[in-house]
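The values are calculated or read from the model by the stated rules, or taken from the named source; none is laboratory data. If you're wondering where the values come from, they're calculated on a predicted model, not measured in any experiment. Cβ coordinates were reconstructed from backbone atoms using ideal geometry, including for glycine residues, and neighbour counts include every protein chain displayed. Note: accessible area is taken over every heavy atom of the protein model, side chains too, but ligands, DNA and RNA are not part of it. Shrake-Rupley method; radii C 1.70, N 1.55, O 1.52, S 1.80 Å.
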Amino acid sequence: MSGKKEFPNNFEKYRQADSRHFEPVTWEEFYEWRLCQWELPSSICCIVRAEHKETGKITEHVYQKPSAVAKRLQAYDKQGTHDVILASHEFVVPLSRPQFSLLTDANIIDSEDD
């Protein structure tokens, strides 16, 4: 066993449901609602999404503490092999390698400060 949790879904139930049970939504409404906005639980400080430059493999890390985010970014800075996107409650920003070293615990927004 891989140790990863399995999360069951209800795809078949939704697929078989009558379309009258779903409110129609335009592409523009969907885009604004789900793609232009994001919501993180209050217990989450940041999400780091890293894409390996050569293989394209994507890894996501979820953090509760800014110090942990800073440590992860320092590790990616040393490796120099990943493109990183940082998401917090206030922003989503792509980071290039020279920018990693500018981030510290103090300037990563902590969700508890809200």
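Being among the acidic types (Asp, Glu) and modelled with pLDDT under 85 holds for only one residue in Glu39, Glu23, Glu28, and it is Glu39. Cβ-Cβ distances below 7 Å connect the following pairs, each with a first residue in region 74-95 that is without any contact (Cβ under 8 Å) to a residue 60 or more places away in the chain and over 11 Å from Thr59 (Cβ atoms), a second residue that is of a type in the set (S, T, N, Q) and open to solvent by 50 Å² or more (accessible area, probe 1.4 Å), and a separation of six or more residues or different chains: Asp77/Ser101. I'm trying to understand the selection: among the residues of region 30-57, which are under 20 Å from Leu73 (Cβ atoms) and of a type in the set (Asp, Glu)? Answer for region 30-57, where residues must be under 20 Å from Leu73 (Cβ atoms) and of a type in the set (Asp, Glu): Glu51, Glu54. Only one of the listed residues (Thr59, Thr55) is in a loop (DSSP other than H, G, I, E, B), of a type in the set (Ser, Thr, Tyr) and without any contact (Cβ under 8 Å) to a residue 60 or more places away in the chain. That residue is Thr55. Taking Gln37, is it polar (S, T, N, Q), exposed (fewer than 15 other Cβ atoms within 10 Å of the Cβ) and not in a helix (DSSP H, G or I)? Answer is yes for this residue. Scanning region 40-59 for residues that are surrounded by 19 or more Cβ atoms within 10 Å (Cβ to Cβ) and over 15 Å from Glu90 (Cα atoms) gives a single hit, Ala50. Filtered by the rule that a residue be under 12 Å from the mean Cα position of the chain (by Cα) and either surrounded by 12 or more Cβ atoms within 10 Å (Cβ to Cβ) or hydrophobic (A, V, I, L, M, F, W, C) (or both), region 60-94 gives His61, Val62, Tyr63, Val84, Ile85, Leu86, Ala87, Ser88, His89, Phe91, Val92, Val93. The residues in region 1-28 that are open to solvent by 100 Å² or more (accessible area, probe 1.4 Å) and closer than 30 Å to Val93 by Cβ can be counted, and the count is 5. When Phe100 is tested against (1) surrounded by fewer than 17 Cβ atoms within 10 Å (Cβ to Cβ); (2) modelled with pLDDT under 90; (3) touching an Asp or Glu at 6+ places or on another chain (Cβ under 9 Å), just one condition goes unmet, and that condition is (1).
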